[in-house]
Amino acid sequence: MTSRVLQLRRAFSILAGLFLFLVLAAAAAQAQTVDVRFPRGASGTTIDGSIKGNQSVKYRIGVSAGQRMSVQLDTDNASNYFNFTAPGASEALYNSSINGNGTSFVIPSSGNYTVTVYLMRNAARRNERANYQLSVYVENAAGAPAQRAPKPKSPPPNPGPANLSMSQMSRFCAGEASASFGVRPQEITTNAAFKSGDRYVVQGYFDAAGGTKFFNCWFDLDGSFQSVN
């Protein structure tokens, strides 16, 4: 009788351990949700993060219709991408594994949008790790202090977020060039920003079908993106 009881206890301990393992594994694979808040007076932020295996992080950002939003993912793992999803949608509006890890677009409707950072299945199965920086900028971000009306002037054709520092302009330029020319950000090289007259410029290039394609990204002195050409 005692031997039978010991066997049952051992079996119960094994089952309990297996159950705990499955619970912990499911928790590790579950996506973490983070509400993104910009620093006071800023139009964007850069987030340092890390995921491993089946882990993913959902960054939730409240934006309004008509605002321009830019997202850039810089990572040390080539299998690290993001999906951009509208409120209540089942399919992504933007899949960076197809279109590249940088994009800029006008928000179609107000609500909480989600940027999900993840590893592709092949890397997740190998339990790889990705260390990344996710940069998010929103033109006319809520909470930014009101500005005095500037002197009338013609607006830039593709206005971007303000308050970009010179160190941020190169990365932002790569995202704009990726969206404009249909090239993956990893294939684009951009140089450091420098002042040219009454604005800043970032020079870049990539290999195109007809040879090397050179382009410039232009920014106002307050850090607002103007255009890429």
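See the values below:
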read-out	value
Pairs, first farther than 19 Å from Gln168 by Cβ in segment 185-214, second modelled with pLDDT of 85 or more and β-branched (Val, Ile, Thr), C-beta under 7 Å, six or more apart	Tyr205/Thr189; Phe206/Ile188; Phe206/Thr189
Any hit, segment 86-101, residues being at pLDDT 90 or above and over 23 Å from Val228 (Cα atoms)	yes
In segment 172-206, residue surrounded by the fewest Cβ atoms within 10 Å (Cβ to Cβ) [restricted to those that are more than 20 Å from Val138 (Cα to Cα) and acidic (Asp, Glu)]	Asp198
Residue pairs meeting the criteria (Cβ under 6 Å; at least 6 apart or on separate chains; first under 20 Å from Thr33 (Cβ atoms), in segment 115-133; second assigned to a strand (DSSP E or B) and of a type in the set (Asp, Glu))	Gln133/Asp48; Gln133/Asp74
Top-ranked residue in segment 63-98 [being outside any strand (DSSP E or B) and either aliphatic (A, V, I, L, M) or assigned by TED's automatic domain parsing to the domain that holds Pro185 (or both); ranked as farthest from Glu128 (Cα to Cα)]	Ala65
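Listed here are the residues, each with its yes/no results for (1) surrounded by 15 or more Cβ atoms within 10 Å (Cβ to Cβ); (2) part of a helix (DSSP H, G or I); (3) touching a Pro at 6+ places or on another chain (Cβ under 8 Å); (4) at pLDDT below 90.
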position	(1), (2), (3), (4)
Asn112	no, no, yes, no
Val117	yes, no, no, no
Ala124	yes, yes, no, no
Asn127	no, no, no, no
Ala130	yes, no, no, no
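The values are calculated or read from the model by the stated rules, or taken from the named source; none is laboratory data. In this text the structure is predicted, and so the values were computed from the model without any measurement. Neighbour counts are summed over all protein chains in view; Cβ atoms, including those assigned to glycine, are modelled from backbone coordinates with ideal geometry.
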